[in-house]
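The values are calculated or read from the model by the stated rules, or taken from the named source; none is laboratory data. Since we're looking at a predicted model, the values are computed, not measured. Please note: Cβ atoms are built from the backbone with ideal geometry, for glycine as well, and neighbour counts cover all protein chains shown. In case anyone asks, the SASA skips ligands and DNA or RNA and just uses the protein heavy atoms, side chains included. Shrake-Rupley method; radii C 1.70, N 1.55, O 1.52, S 1.80 Å.
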Amino acid sequence: MIAAAACAAFAIVVWRRPSLPGSKAFVWLGLGMAGWSLAYAMELGSPLLTTKLFWAKLQYVPVALIPLSWLFFVLSYTGQTDRLSARNKALLLVIPAATLLLVATDHIHGLVISRISLESQGSTLLMVRHFGPWFWLHAAFSYLLIFIGSILMIQSIIRFPHRYRGQSIALLTAALVPLAGNVIYLLGLSPFASLDLTPFTFTISALALSWGTFRGRLLDITPIAYDEAIKSMHDSVLI
């Protein structure tokens, strides 16, 4: 719940500062993290398996939204919006849209969640998921989008002046910490069996983004994309 509130608050802050390139994608990223955290909190607090399954399925809306929002934001932030053609956007939406459709009809085919059961952890009942083949396809697609965005952000840290590196490192931390938590969960390496660590790590993401905003002036300093615009000009610039 703390993660959901922190991510939602950050989304509101960004929404009020539309001058940041990729601000719309950034707002959706914050709302996606907030939605996933809130839905998982409701799943953990639900006493019935059917209710837990409802909230588990609802989580796939932000799960599908977050990787796309991250990639769209990074492309805008690093001045590479030429790659965001209408055709490319449509292609990127195919797998997330198919995933949401399959989740809604999963009781028929089990391609996303093939089997579920309850497991007791102290006083808490956790829902154990056994994933179907489409889940792994969507997970690979999501990891690919996050990986591409992260590589572009790392390139920006290397290529651009020091004043932007704090922003880029904060953004990279906000993306990679939840990714690490999700990998640990899917590989069964979590110290808390059957507990998805990803929504909890969004608290760290919110802290990193807050630091980038208030210390690194993420929403105030003209970002990397504008440096590219200045460098590509043929005229002299007098400051």
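PRO18 is checked against (1) free of Cβ contacts under 8 Å to residues at least 40 places away in the same chain; (2) within 17 Å of ALA208 (Cβ to Cβ) and fails just one. What number does that condition carry?
(2)
Could you please find all residues in segment 105-117 being buried (at least 17 other Cβ atoms within 10 Å of the Cβ) and of a type in the set (D, E, K, R)?
ASP106
Give me the residue from segment 9-40 that is of a type outside the set (Gly, Ala, Ser) and not in a helix (DSSP H, G or I) and, out of that set, surrounded by the fewest Cβ atoms within 10 Å (Cβ to Cβ).
Among residues in segment 9-40 that are of a type outside the set (Gly, Ala, Ser) and not in a helix (DSSP H, G or I), the one surrounded by the fewest Cβ atoms within 10 Å (Cβ to Cβ) is ARG16.
Can you pull out the helices (runs of 4 or more DSSP H) entirely within segment 41-130 that have at least 3 residues that are of a type in the set (Ser, Thr, Tyr) and under 17 Å from the mean Cα position of the chain (by Cα)?
It comes to 60-77.
Quick one: in segment 181-218, which of the residues that are under 20 Å from ILE66 (Cβ atoms) and in a loop (DSSP other than H, G, I, E, B) is modelled with the lowest pLDDT?
Filtering first and then ranking leaves LEU218.
Go through (1) over 22 Å from the mean Cα position of the chain (by Cα); (2) surrounded by 15 or more Cβ atoms within 10 Å (Cβ to Cβ) and name the single condition PHE135 misses.
(1)
LEU102 passes all but one of (1) modelled with pLDDT of 90 or more; (2) surrounded by 18 or more Cβ atoms within 10 Å (Cβ to Cβ); (3) within 29 Å of ALA6 (Cα to Cα); which number fails?
Unmet condition: (3).
Among (1) part of a helix (DSSP H, G or I); (2) open to solvent by 30 Å² or more (accessible area, probe 1.4 Å); (3) more than 15 Å from MET127 (Cβ to Cβ); (4) without any contact (Cβ under 8 Å) to a residue 40 or more places away in the chain, which single condition is ALA6 missing?
Going through (1) part of a helix (DSSP H, G or I); (2) open to solvent by 30 Å² or more (accessible area, probe 1.4 Å); (3) more than 15 Å from MET127 (Cβ to Cβ); (4) without any contact (Cβ under 8 Å) to a residue 40 or more places away in the chain one by one, ALA6 breaks only (4).
Looking at segment 223-237, is at least one residue part of a helix (DSSP H, G or I), closer than 22 Å to THR81 by Cβ, in contact with a Leu (Cβ under 8 Å, 6 or more places away or on another chain) and modelled with pLDDT under 85?
Scanning segment 223-237 turns up no residue that is part of a helix (DSSP H, G or I), closer than 22 Å to THR81 by Cβ, in contact with a Leu (Cβ under 8 Å, 6 or more places away or on another chain) and modelled with pLDDT under 85.
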